[in-house]
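Please read the structure below before turning to the comments.
The values are calculated or read from the model by the stated rules, or taken from the named source; none is laboratory data. These numbers were taken from a predicted model, which means no experiment stands behind them. A quick note on method: Cβ atoms are made from the backbone with ideal geometry, for glycine too, and the neighbour counts reach across all protein chains shown. All accessible areas refer to the heavy atoms of the entire protein, side chains included, with ligands and DNA or RNA removed. Shrake-Rupley method; radii C 1.70, N 1.55, O 1.52, S 1.80 Å.
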Amino acid sequence: MPRSFIAQVSNPDETFPRLKQWADANGYSITGNATQGTFRGTPSGLAGALIGEISGAYAVSGSEVAIQVNKDLPAGAVANALSRHGLRLVRAE
């Protein structure tokens, strides 16, 4: 089941750079630009072994980024991964 997340930063100029940092640190390659694109990869460690490859799309608007993934990821784990890179999870659906 796909899942959607909305994350936010305090400075709109940092939205895409922080998203890129998150993707790089978690083994995802980004295809796209600072406004929208896709990502794909397998997280390292136990998460990668249990979940496998994750793919999704992102769309940046101001200080928010909408992220849609192809797996039903737990909101708490996503919030923790994003927060390490200055992104605050504000909604999970």
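Observations on the model:
- Karplus (6.51, -1.76, 1.60) ³J(HN,Hα), θ = phi - 60°, over segment 10-16, in Hz, Gly and Pro reported as x: 7, 10, x, 5, 9, 4, 5
- Three-way shape call for segment 41-83 based on the alpha-carbon gyration tensor, with the a/c threshold at 1.5: prolate
- When the chain is described by a simple charge dipole with +1 on each Lys and Arg Cβ and -1 on each Asp and Glu Cβ, the residue from T31, A7, S63 located farthest towards its positive end is A7.
- The value of relative contact order for the chain, using C-alpha pairs under 8 Å at least six residues apart, is 42 percent.
- Note on segment 66-81 and segment 2-27: Cα centroid distance 12 Å, given to the nearest whole angstrom.
- Surface share of carbon and sulfur [accessible, 1.4 angstrom probe, percent] for the chain: 51 percent
- Amide H to amide H distances under 5 Å link I54 with G41, T42, where only residues 5 or more positions off or on other chains count and H is placed in the peptide plane.
- Rounded to the nearest 20, the size of the Cβ-charge dipole of the chain about its Cα centre is 100 debye, with Lys and Arg at +1 and Asp and Glu at -1.
- Averaging 1/r over every pair of different alpha carbons in the chain and inverting the result gives a Kirkwood radius of 12.9 Å.
- Fully extending the segment from R91 to A34, taken as 0.36 nm per residue of separation minus the present Cα-Cα distance, adds 18.4 nm.
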